[in-house]
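Peer 1: The structure follows.
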Amino acid sequence: MSTDNDLLAEATRVAAAYDLIGMFGHLSYYPEHSGDRYLLSPGAGFQKQKCTGDDVYDLAFDDEWVPGLPLEIYMHSEVHRMHPEVGALVHSHSPALTQLSTLAEVPGEALLLHAAFWPDVVPVFEETHLVVERHDAVRLIEQLGDSPLILMRWHGAVIVGATLEEAVFRSIQAEANAQALLTAMASGRPYVSLPAGNARQQTAESVITPRMLGLHRNYQAAQLSSKES
C-alpha cells in the first residue's frame, strides 16, 4: 500500500512528466490529521522524474529553510497553516503559465471544459524576487485567498487543491488553458469562453468530480508505470 510519501513522489513524477515544475518547481502535500506537519518534494537540482518516497521531506510549519530544501518552502508551510482545507500546493514553472504571467492584464477566460476552475479574475503576485522569506510567503498566500491559482509575475504559478489529486489535475489543466489562451489571442480571431461566474463554477462542480479526479490519478499512475517499466 502506498504511503503519503509515495503519493507525493508519484505526483512529483507526474508533474515532471508534464513539464510543470522543471528544475525549480516543487509540490507539497498535507494529509488529513497532519497537525502542523506537511510533506514537501525536492527542489532545484533534483531529477524530479526520479522522485521516490525516500526523497520527500517531512516538515513542521515552523521549520526554517536549510541547505538541501527548496528555497521557497514557506509558500507551502504558510498555505497549509493559513488554509488547512488546502491539501496540496504545486509551484509550477510551466511554459504557458509563465508566459501568461507577463501580460499586463491576465485573461480570466476558461477555454477548456476541464479548466472550468479557472478564476474570472486571475490574481497576480507582483514581487520580483523569489519567495524565500516567510513574510513574503504570507503575502502571497493572502493574495491567493480562496482562488485555485495565482500567477507570479515573470516567474510561474501556484496552484492549490483540496486533495493532491485535485492540485495535480488543476496544474495540468491550468497549463493547457494558458496555452489555449495564448494560441487564441495570437490568432487574432474571436474565441468563445466558458460562461463566467456561477455558471462556470457549476460547470466545474459537475465535470470535475471526486470520481473523475480518482480516474485521472489512476490514469496518470498507469502512464508512469508504463514509462518506468
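The values are calculated or read from the model by the stated rules, or taken from the named source; none is laboratory data. Just so we're clear, the structure is a prediction, and the values are computed from it rather than from any experiment. Please note: Cβ atoms are built from the backbone with ideal geometry, for glycine as well, and neighbour counts cover all protein chains shown. The area values use the complete protein model at the heavy-atom level, side chains included, leaving out ligands, DNA and RNA. Shrake-Rupley method; radii C 1.70, N 1.55, O 1.52, S 1.80 Å.
Peer 1: Among the residues in the range 210-221, are any outside any helix (DSSP H, G or I), without any contact (Cβ under 8 Å) to a residue 60 or more places away in the chain, farther than 22 Å from His91 by Cα and among the charged types (D, E, K, R)? It would help to see each step written out before you state the result.
Peer 2: Initial filter on the range 210-221 (outside any helix (DSSP H, G or I)): none.
Scanning the range 210-221, I find no residue that is outside any helix (DSSP H, G or I), without any contact (Cβ under 8 Å) to a residue 60 or more places away in the chain, farther than 22 Å from His91 by Cα and among the charged types (D, E, K, R), so the answer is no.
Peer 1: Among the residues of the range 189-214 satisfying the criterion of being open to solvent by less than 70 Å² (accessible area, probe 1.4 Å) and not hydrophobic (A, V, I, L, M, F, W, C), which is nearest to Leu100 (Cα to Cα)? Full working, then the answer.
Peer 2: Let us first name the residues in the range 189-214 that are open to solvent by less than 70 Å² (accessible area, probe 1.4 Å), namely 193-194, 196-197, 199-200, 203-204, 207-209, 212-214.
With not hydrophobic (A, V, I, L, M, F, W, C) added as a condition, the list becomes 193, 197, 200, 203, 209, 214.
Working: Ser193: 17, Gly197: 21, Arg200: 21, Thr203: 24, Thr209: 27, Gly214: 29 Å.
In this case the residue turns out to be Ser193.
Peer 1: Follow-up. Can Arg217 be described as more than 16 Å from the chain's Cα centre (by Cα), over 16 Å from Leu111 (Cβ atoms) and either surrounded by fewer than 11 Cβ atoms within 10 Å (Cβ to Cβ) or modelled with pLDDT under 95 (or both)?
Peer 2: Numbers: more than 16 Å from the chain's Cα centre (by Cα): no; over 16 Å from Leu111 (Cβ atoms): yes; either surrounded by fewer than 11 Cβ atoms within 10 Å (Cβ to Cβ) or modelled with pLDDT under 95 (or both): yes.
Against the criterion (more than 16 Å from the chain's Cα centre (by Cα), over 16 Å from Leu111 (Cβ atoms) and either surrounded by fewer than 11 Cβ atoms within 10 Å (Cβ to Cβ) or modelled with pLDDT under 95 (or both)), Arg217 does not qualify.
Peer 1: Looking at Ala186, Ala178, which is the one that is outside any loop (DSSP other than H, G, I, E, B) and either open to solvent by less than 20 Å² (accessible area, probe 1.4 Å) or of a type in the set (D, E, K, R) (or both)?
Peer 2: On the way: Ala186 fails: either open to solvent by less than 20 Å² (accessible area, probe 1.4 Å) or of a type in the set (D, E, K, R) (or both).
Ala178 is the lone residue from the list that is outside any loop (DSSP other than H, G, I, E, B) and either open to solvent by less than 20 Å² (accessible area, probe 1.4 Å) or of a type in the set (D, E, K, R) (or both).
Peer 1: Restricting attention to the range 39-61, which residues are in a helix (DSSP H, G or I) and modelled with pLDDT of 95 or more? Spell out how you get there, then give the answer.
Peer 2: Narrowing the range 39-61 to residues in a helix (DSSP H, G or I): 48-50, 53-55.
Correct list: Gly53, Asp54, Asp55.
Peer 1: Out of curiosity, is Gly43 closer than 20 Å to Val132 by Cα and not hydrophobic (A, V, I, L, M, F, W, C)? Working first, answer last.
Peer 2: On the way: closer than 20 Å to Val132 by Cα: yes; not hydrophobic (A, V, I, L, M, F, W, C): yes.
In short, yes.
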